[in-house]
Every structure is written in C-alpha cells, then in structure tokens.
Amino acid sequence: MNYQQAINKVYQTVLQGSRLGEAADYIPELARVDADQMGVYLHHNDLSSASAGAWDQNFSIQSVVKVLTLSMAYQKLGSDIWHRVGVEPSGTPFNSLGHLEHEQGVPRNPFSNAGALVVCDVLLDLFDDPRAAMLQMIRESTGNPVIDVNKSIADSEKSEGFRNVALANLIKSLGNIKHDVNELLDLYFDCCSITLNCKDLALLFSFLANQGTCVQTGKALLTPSQTKRINAIMLTCGFYDEAGQFAYKIGLPGKSGVSGAIVAVMPNVFSLAIWSPGLNIKGNSQRGIEFLEGFTNETGQSIF
Ligand code: GLU
C-alpha cells in the first residue's frame with residue numbers, strides 16, 4: 001500500500017474543496033488560529049511514515065487528551081474506573097450537563113467533558129503529580145522533550161470555562177468528584193492545553209494501533225484487552241454527537257478535539273493524525289473528517 005500517494009491525492013482534493021468550517025471561538029486563544037491550515041501524519045507499525053501539509057505545526061491537543069487521561073487511569077485502576085464513568089455514547093454535545101442530575105453524577109462516557117473531569121479526579125488520586133506523569137508519558141512516546149502545556153491557552157480556557165466549572169461543581173455535589181474543584185479544573189485545562197504537532201500525535205497514539213504497546217519505544221501502556229476497550233469507546237464516543245456519522249463514513253476508532261485535531265487508528269496497522277482548525281457544526285474538524293473519509297475510501301483501510 002502506498003500511503004504517501006494516497007495522502008497526497010486526498011490532501012489535494014480536500015484542500016481544493018470549498019468547505020472550511022470555523023475555528024472554535026469559545027476559547028479566545030483558539031479563535032486567533034488561522035483556520036485555513038491542514039497537516040497530516042501517518043505512523044505505520046513498521047515504523048515507516050507518510051505526511052502532508054503543516055504536519056509540523058503545533059496546536060493544542062484539547063479533547064484528544066481524554067484518551068490519554070483515560071488510558072493512564074485505566075492502566076493503574078483497571079476496570080474499577082467503570083464505577084466512576086460509563087461507556088455509553090451520550091448523544092449530547094461535549095460540554096452538556098444534561099444527564100448528570102438523573103444519573104447520580106456518573107458521566108455517560110470518559111470522552112465528554114463531564115467524563116474527563118471525573119477521570120482527572122481519579123488521576124489526582126493515582127499520581128502524586130498527574131500533570132508531570134502525563135507530560136513524561138507524552139515526551140517518552142514521541143521522543144520530543146519540548147512538548148509542554150501552553151500556559152496562554154490554559155489561562156484562556158480558565159477565563160471562559162464556565163461550563164466546565166459548572167460541570168465540576170455539579171458532579172462534586174453529586175459525590176463523584178473528591179478533590180478540590182479548582183485543583184481539578186487546573187489539571188483538566190492544562191491537559192487540554194498541551195501543544196504538539198501531527199507527527200507527535202500519530203506517534204503518541206501508536207500504542208492503540210499496536211495492542212497497547214508503543215510501536216517506537218516498545219513500552220507497554222495497556223494490555224491488548226484494555227486496548228480493545230479504549231478503541232471501542234473511541235469508535236462509539238470519540239466524536240461528540242457525530243460519532244455515528246464518523247463510524248459510518250470512516251470506520252476507524254478515533255478522537256477529535258476543538259483545536260481541529262483528529263487522531264484515528266487502524267488496529268495493528270497505523271495511527272494517523274490530522275489537524276485543520278475549521279470545525280463543522282458538531283465541533284469536529286471539517287477538513288479532518290473529509291480527509292479521513294477520502295483516505296479510508298482510497299485505501300480501503302477501515303475496521304469493517
Ligand atoms: N478544553 C476544551 C473544553 O473543555 C476541550 C473541548 C474539546 O476539545 O472537546 O471546553
């Protein structure tokens with residue numbers, strides 16, 4: 001399979017398309033990003049790679065980090081994590097407060113903001129310094145020692161993060177958050193504000209394309225069975241309330257973020273990151289979705 005050829009072809013097609021979407025504007029720092037950018041990086045399990053466009057341009061990881069926070073909690077806590085958060089698609093926007101009151105503060109899944117806040121609360125129990133543990137894991141997997149939290153983005157999120165504050169307080173009042181809400185929100189916003197590029201992101205997610213073991217370092221992060229479950233949750237819950245469309249059009253487990261990042265994995269074959277900041281109405285990268293649909297059609301690579 002010539003992945004570089006397929007990427008070049010689909011990249012050009014998507015670039016020439018007229019639809020771009022709008023960069024997220026509810027976080028002031030994200031609104032300043034030029035939406036007309038796109039990068040792609042594919043990391044194959046045989047260590048080859050293929051790329052296009054602005055793959056080396058930095059962006060904030062945003063909700064894509066929720067897969068990593070979950071993986072870290074799952075690795076240490078095992079299936080007890082599922083007492084704190086469910087595995088069902090919510091069918092609601094990422095920042096919804098909707099179900100919580102009737103469901104005793106147990107979020108439907110770990111990839112909603114509510115779910116990610118609960119997972120961060122768990123991390124505060126499991127690690128002396130979860131922020132440092134997260135950065136260490138990311139730097140080790142990517143081999144990129146300069147990856148860090150972008151403080152301007154984190155501050156920008158804090159200044160406008162009213163719904164996240166509401167979510168954390170509501171869940172705490174229902175007993176499913178133990179730590180101080182401000183400490184928890186700081187951790188959550190910092191994790192979302194980690195900046196990296198498409199290459200870093202593809203390398204970082206190689207463990208989910210390789211039965212839980214990072215392809216390039218050989219380090220096991222999850223067992224094959226845990227990896228299966230994380231990939232299943234990405235497939236069913238990874239794209240806000242567009243997860244069904246994503247599975248239907250693309251057929252790969254993946255996760256998106258409001259910075260316009262998307263990472264997708266083809267189990268046992270590759271991990272693929274794409275970034276383009278213009279978002280569609282559901283909050284997913286417009287060009288990212290178009291690219292992945294074209295790419296999976298062109299290569300025939302999907303889990304179905
Ligand atoms: N930091 C963002 C928020 O909590 C993440 C949202 C996302 O990427 O879905 O609003």
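General remarks:
- Residue in the range 92-104 that is open to solvent by less than 10 Å² (accessible area, probe 1.4 Å) and at pLDDT 95 or above present: no
- Among the residues listed as Ile81, Ile138, the single one being at pLDDT 95 or above and more than 15 Å from the chain's Cα centre (by Cα): Ile81
- Screening the candidates Gly251, Gly244 for the property of being surrounded by fewer than 20 Cβ atoms within 10 Å (Cβ to Cβ) and in a loop (DSSP other than H, G, I, E, B) yields one hit, Gly251.
- When the range 269-302 is filtered for residues that are in contact (Cβ under 8 Å) with a residue 60 or more places away in the chain and acidic (Asp, Glu), the ones remaining, listed by number, are Glu290, Glu298.
- Qualifying residue in the range 255-275 (condition: among the hydrophobic types (A, V, I, L, M, F, W, C), within 16 Å of the ligand (Cβ to nearest atom) and touching a Pro at 6+ places or on another chain (Cβ under 8 Å)): yes
- Matching option when the condition is assigned to a helix (DSSP H, G or I) and surrounded by 22 or more Cβ atoms within 10 Å (Cβ to Cβ), among Leu185, Leu117: Leu117
- Residue within the range 40-62 that is at pLDDT 95 or above, open to solvent by less than 80 Å² (accessible area, probe 1.4 Å), in a helix (DSSP H, G or I) and within 16 Å of the ligand (Cβ to nearest atom) present: yes
- Any pair with Cβ under 6 angstrom, 6 or more apart, that starts in the range 23-35 at a residue that is over 17 Å from Ile61 (Cβ atoms) and ends at one that is open to solvent by less than 60 Å² (accessible area, probe 1.4 Å) and within 11 Å of the ligand (Cβ to nearest atom): Pro28/Ser156
- Taking first residues from the range 187-202 that are near the ligand (Cβ under 10 Å from one of its atoms) and partners that are hydroxyl-bearing (Ser, Thr, Tyr) and outside any helix (DSSP H, G or I), the Cβ contacts under 9 Å between residues at least 6 apart in sequence or on separate chains come to Cys192/Ser60; Cys192/Ser259; Ser193/Ser60.
- Any hit, the range 109-116, residues being at pLDDT 95 or above and away from the ligand (no atom under 14 Å from the Cβ): no
- Residue under evaluation Ala35, criteria (1) within 16 Å of the ligand (Cβ to nearest atom); (2) crowded, with 21+ Cβ neighbours inside 10 Å; (3) closer than 27 Å to Ala6 by Cβ, criterion not met: (2)
The values are calculated or read from the model by the stated rules, or taken from the named source; none is laboratory data. Small disclaimer: the values here were computed from a predicted structure and weren't measured. So basically every Cβ, Gly included, is an ideal-geometry build from the backbone, and we count neighbours across all protein chains shown. Only protein heavy atoms, including side chains, enter the accessible area calculation; ligands, DNA and RNA are left aside. Shrake-Rupley method; radii C 1.70, N 1.55, O 1.52, S 1.80 Å.
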